[in-house]
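The values are calculated or read from the model by the stated rules, or taken from the named source; none is laboratory data. The structure presented is a predicted model; accordingly, all values stated were derived computationally and were not measured. Backbone-built Cβ (ideal geometry, glycine too); neighbour counts: all protein chains shown.
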Amino acid sequence: YFVLDITDPEQDPTLLWSFSQADVGLTTSYPTVVRVNPSTKPKTDNSNAKWFITFGTGPTSYDADSTQASKMFALEMPKPWSLGSSLVVSTFSTGDGTSFMGDVIALDADLDYRVDTLYQGNVINNGSNPDW
């Protein structure tokens with residue numbers, strides 16, 4: 001993944017950061033942008049708001065198999081990247097071996113411009129044939 005600053009259409013885009021990590025795998029989930037703002041502040045006050053990008057890990061092979069437990073990553077943005085620093089704020093593992101994640105869905109249930117919860121499904125390759 002990479003993030004470009006495109007706020008000024010009259011200027012060329014600027015690379016803010018890029019992210020690559022071995023256990024991400026072949027990521028197939030779309031990234032989701034999440035805004036978090038302390039509830040003590042007005043809804044639209046951006047002075048203390050934090051922005052994150054979330055996505056899930058993908059399969060570890062091109063045939064949609066995985067040899068690792070799936071994870072959801074949360075990276076802070078637009079925090080500038082520097083050599084030796086980490087953008088990873090948190091990872092959440094499902095604990096299910098041989099699995100990978102789908103797209104992250106952010107929900108603002110009360111429409112206050114703050115994300116209330118995140119939903120993300122995962123695919124588990126446990127070799128069983130489900131009895132539908």
Query raised in the report: Exactly one of (1) at pLDDT 75 or above; (2) under 16 Å from the mean Cα position of the chain (by Cα); (3) surrounded by 13 or more Cβ atoms within 10 Å (Cβ to Cβ) is unmet by Arg114. Its number?
Result: (2)
Query - Leading residue by the ranking (farthest from Tyr113 (Cα to Cα)) among those in segment 12-71 that are within 13 Å of the chain's Cα centre (by Cα), hydrophobic (A, V, I, L, M, F, W, C) and assigned to a strand (DSSP E or B) - result: Phe55
Report task. Report yes if some residue within segment 94-104 is at pLDDT below 65 and within 24 Å of Ile6 (Cα to Cα); otherwise report no. Result -> no
Report task. Consider Pro130 carefully, then state whether it is at pLDDT below 75, in a loop (DSSP other than H, G, I, E, B) and touching a strand residue (DSSP E or B) at 6+ places or on another chain (Cβ under 8 Å). Result -> no
Query raised in the report: Which ones in segment 1-50 are loosely packed, with under 11 Cβ neighbours inside 10 Å and polar (S, T, N, Q)?
Result: Thr7, Gln11, Ser20, Ser39, Thr40, Thr44, Ser47, Asn48
